[in-house]
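Peer 1: Next up is a structure, given as structure tokens.
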């Protein structure tokens, strides 16, 4: 699997939006499939949380990192397990990271559902892109099957 050190740091406006989504999700209100991802820090061992979009394709659930090699991606790789939280419900999972060759269909579905929110992170690529175009950008977008 190819790993590209692509990372887009969130802007202040994104942090405000994430706090709003996180607050609603903690109350049990899922915003377009939102969950709170909790993962132990790879150095500290402390729980770290962030809102994520949980994608379901053909009954299989995925997490996509539109900003690339984020802290949650790095922590999840090391921890090997995480939790998805919605209100009081907590679900523990063991992720499997997809190879780049397996990402195009998932990236397409992710973009189709959340382009309005995450399209800016995909440099003009959207759900109408060819498999070849999606395969070309796949190394910069970690995807985990839950």
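The values are calculated or read from the model by the stated rules, or taken from the named source; none is laboratory data. These figures come from a predicted structure and were not determined experimentally. Heads up, the Cβs are rebuilt from the backbone with ideal geometry, glycines too, and the neighbour counts pull from every protein chain shown.
Peer 1: Quick one: which of 39, 73, 57 is surrounded by 19 or more Cβ atoms within 10 Å (Cβ to Cβ), touching a helix residue (DSSP H, G or I) at 6+ places or on another chain (Cβ under 6 Å) and modelled with pLDDT of 95 or more?
Peer 2: Among 39, 73, 57, only 39 is surrounded by 19 or more Cβ atoms within 10 Å (Cβ to Cβ), touching a helix residue (DSSP H, G or I) at 6+ places or on another chain (Cβ under 6 Å) and modelled with pLDDT of 95 or more.
Peer 1: Of the residues that make up the range 99-112, is at least one under 21 Å from residue 54 (Cβ atoms), within 13 Å of the chain's Cα centre (by Cα) and in contact (Cβ under 8 Å) with a residue 60 or more places away in the chain?
Peer 2: So far as the range 99-112 goes, no, none of its residues is under 21 Å from residue 54 (Cβ atoms), within 13 Å of the chain's Cα centre (by Cα) and in contact (Cβ under 8 Å) with a residue 60 or more places away in the chain.
Peer 1: Need the failing condition index for residue 92 against (1) modelled with pLDDT of 95 or more; (2) in a helix (DSSP H, G or I); (3) in contact with a strand residue (DSSP E or B) (Cβ under 9 Å, 6 or more places away or on another chain), just the number.
Peer 2: (2)
Peer 1: Also, quick follow-up: I'd like the full set of residues that are under 18 Å from residue 69 (Cβ atoms), in contact (Cβ under 8 Å) with a residue 24 or more places away in the chain and touching a helix residue (DSSP H, G or I) at 6+ places or on another chain (Cβ under 9 Å), limited to the range 113-133.
Peer 2: Answer for the range 113-133, where residues must be under 18 Å from residue 69 (Cβ atoms), in contact (Cβ under 8 Å) with a residue 24 or more places away in the chain and touching a helix residue (DSSP H, G or I) at 6+ places or on another chain (Cβ under 9 Å): 118, 122.
Peer 1: Tell me the residue from 145, 85 that is within 18 Å of residue 21 (Cβ to Cβ) and surrounded by fewer than 20 Cβ atoms within 10 Å (Cβ to Cβ), please.
Peer 2: Just a single option satisfies the conditions, and that option is 85.
Peer 1: Moving on to the next point. Given (1) without any contact (Cβ under 8 Å) to a residue 60 or more places away in the chain; (2) crowded, with 18+ Cβ neighbours inside 10 Å; (3) over 12 Å from the mean Cα position of the chain (by Cα), identify the lone condition not met by residue 46.
Peer 2: With (1) without any contact (Cβ under 8 Å) to a residue 60 or more places away in the chain; (2) crowded, with 18+ Cβ neighbours inside 10 Å; (3) over 12 Å from the mean Cα position of the chain (by Cα) applied to residue 46, the lone miss is (2).
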